[in-house]
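Shown next, in structure tokens, is the structure this report addresses.
Nothing in this text is a laboratory measurement; each read-out follows from the coordinates by a stated rule. These numbers were taken from a predicted model, which means no experiment stands behind them. Glycine also receives a Cβ, built like all others from the backbone with ideal geometry; neighbour counts cover every protein chain displayed.
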Amino acid sequence: EDSPRPSPPAGADGSSAPRDYTLNSPWLQVNATGNFVVNFRDRHSFEWDGTRYWDGAVLEFTTDGVTWLDVFSELNINPGYTALLETQDGMALSGRAAWANQNPGFPGYSSRNLNFGTALAGQRVRLRFRVASDGAVGAYGFDVDDFAVANVANTPFSSMTPEAGGACNRRPTA
């Protein structure tokens, strides 16, 4: 089933202020041995003008619940980022590598398989999808689906909820 959207589409609320939204996983207890693997599907469409990328999304992690780090810049794991976002005052992801523009085949999904190896072995970890916009032009936004983890000691997702016909997302109103 489609997960909740981590953000409304940029500009959907009519605001001209920059926005910063997150969708956090529960705590994951990574096993002390073996590879920690994360799988999901995503689709996204963010504002860009053909050469510059204004809005986007990233995948971050924390081991203490306070400090969040990018999986790309800290662990050298590229979850499929496509561009560097423009440097802009007040934009939470300003100047960072991120998912930008559209994923290939949008509005279809792209599958992601991230192998963290043993970089987080034995640690308690949370992951978050972070979406930020500059508050100017709106676009579709970001969806995550079929999120799964392997090689964790706990059961962060105790059950699957069947779809009741169609996606649970509302249509964007940009």
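If you take all other residues with their beta carbon under 12 Å from the beta carbon of residue 48, and give Lys and Arg +1 and Asp and Glu -1, the sum is -4.
When the convex hull of its Cα atoms is viewed from all sides, the range 27-162 shows a mean projected area of 8.9 nm². FRET efficiency for the residue 49 to residue 145 pair, using the beta carbon distance and R₀ = 25 Å, is estimated at 0.35.
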